[in-house]
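A short write-up of the structure that comes next.
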Amino acid sequence: MTSESTTFLFSGYARLPQDVSHQAMYKRVGVVLEADQAGVVVSCSTTLMMVSADQFFQRLLVGRNVLSERRAIEALVRYRYRGHSQGALVSALHKIFEAVDQSPLVLGDATAPLPGAGHPGDCPETHG
């Protein structure tokens with residue numbers, strides 16, 4: 001058995017503006033983040049083409065809480081991320097916040113055992 005903590009993966013996508021270099025290739029930007037049971041971002045990434053832009057975005061989000069710091073996260077991205085994809089990243093984050101609201105972090109006990117993850121023999125098997 002591992003002592004790995006339970007984390008959740010969320011993603012959001014938004015249309016890129018016309019003046020972004022990779023808009024012709026991708027049309028949309030994707031943001032994926034992993035949050036722990038308390039809602040703290042433990043990792044994140046984007047589909048931004050420039051590595052430095054993706055890494056900067058990661059540094060803005062890692063350690064922030066998607067449950068209690070949403071306004072602060074958005075304000076931070078708007079204030080410090082000055083690239084042309086800023087609006088698309090904020091829109092993608094809003095989609096992530098919507099997904100978080102429909103997840104065990106908000107709707108249920110994020111520390112509960114996985115559904116159907118009992119040990120073999122815990123439940124009688126039925127074969128049809």
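When we screen Arg59, Arg64 for residues that are at pLDDT 95 or above and loosely packed, with under 13 Cβ neighbours inside 10 Å, the only hit is Arg59.
Within the range 50-63, residues that are free of Cβ contacts under 8 Å to residues at least 12 places away in the same chain have Cβ atoms under 6 Å from residues that are surrounded by 14 or more Cβ atoms within 10 Å (Cβ to Cβ) and not in a helix (DSSP H, G or I) in these pairs: Asp54/Thr46; Asp54/Leu48, counting only partners at least 6 apart in sequence or on another chain.
Set side by side, the residues Ala35, Ala88, Ala14 differ, and just one is of a type in the set (Gly, Ala, Ser), surrounded by 13 or more Cβ atoms within 10 Å (Cβ to Cβ), modelled with pLDDT of 95 or more and under 15 Å from the mean Cα position of the chain (by Cα), which is Ala35. Screening Thr7 against (1) among the polar types (S, T, N, Q); (2) at pLDDT 95 or above; (3) loosely packed, with under 13 Cβ neighbours inside 10 Å leaves a single unmet condition, (3). Between Ser68, Ser43, the distinction of being outside any helix (DSSP H, G or I), over 13 Å from the mean Cα position of the chain (by Cα) and either closer than 25 Å to Leu107 by Cα or of a type in the set (D, E, K, R) (or both) belongs to Ser68 only. From the list Glu98, Glu69, Glu125, Glu74, the one residue that fits, being out of contact with any Gly (no Cβ under 9 Å at 6 or more places or on another chain) and at pLDDT 95 or above, is Glu74. Could you list, in sequence order, all residues of the range 101-116 that are of a type in the set (A, V, I, L, M, F, W, C) and modelled with pLDDT of 90 or more? Passing the criteria: Leu105, Val106.
The values are calculated or read from the model by the stated rules, or taken from the named source; none is laboratory data. Just so we're clear, the structure is a prediction, and the values are computed from it rather than from any experiment. Virtual Cβ from ideal backbone geometry, glycine too; neighbours counted across all protein chains shown.
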